[in-house]
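Asks: I am attaching a structure below and will ask some questions about it afterwards.
The values are calculated or read from the model by the stated rules, or taken from the named source; none is laboratory data. Just so we're clear, the structure is a prediction, and the values are computed from it rather than from any experiment. Here the Cβ positions follow ideal geometry from the backbone for every residue, glycine too, while neighbour counts run over all protein chains shown.
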Amino acid sequence: MRRVKTAIVGSGFMGRVHLEAIRRTGAADVVAIASRNRAAAEKLAGEFGVPRVGSEYGNILADPAIESVHICTPNAQHFRWRKTLWARASMCCARSRWGFPRTREGN
């Protein structure tokens, strides 16, 4: 089975929870962590063996190799991230207040 390349946005509690869940599935590889707190992201990346860290979200999320994105930021930021990522990658947004997105195909 081909493994999905994914990125995590946010290096706090939920970022750690999602990293552990992804690790346990064995179906994806986290290839990047984007976070305002670079030190926290580097620590988390070191613990989970994630090769790429950045505090400039756009640089990481513009990478065409990233196929999915887990939005693990505070709830108030979810909508902004979903709007930013809508046309570019599949995403997982835990407990978003904004409901579930349609697929890119409009379903």
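Asks: Could you list all residues from region 4-37 that are among the hydroxyl-bearing types (Ser, Thr, Tyr) and in a strand (DSSP E or B)?
Replies: THR6
Asks: Kindly provide the set of residues from region 33-72 that are of a type in the set (S, T, N, Q) and within 12 Å of the chain's Cα centre (by Cα), ordered by number.
Replies: If the condition is that a residue be of a type in the set (S, T, N, Q) and within 12 Å of the chain's Cα centre (by Cα), then SER35, SER68 are the ones that fit.
Asks: Return yes or no: is VAL69 modelled with pLDDT under 90, surrounded by 15 or more Cβ atoms within 10 Å (Cβ to Cβ), among the β-branched types (Val, Ile, Thr) and not in a loop (DSSP other than H, G, I, E, B)?
Replies: So VAL69 passes the test.
Asks: Test GLY26 against the stated conditions and say whether it is out of contact with any Phe, Trp or Tyr (no Cβ under 7 Å at 6 or more places or on another chain), of a type outside the set (Lys, Arg), surrounded by fewer than 19 Cβ atoms within 10 Å (Cβ to Cβ) and within 15 Å of VAL4 (Cα to Cα).
Replies: yes
Asks: For the structure I just gave you, tell me whether ALA40 is in a helix (DSSP H, G or I), of a type in the set (A, V, I, L, M, F, W, C) and at pLDDT 90 or above.
Replies: yes
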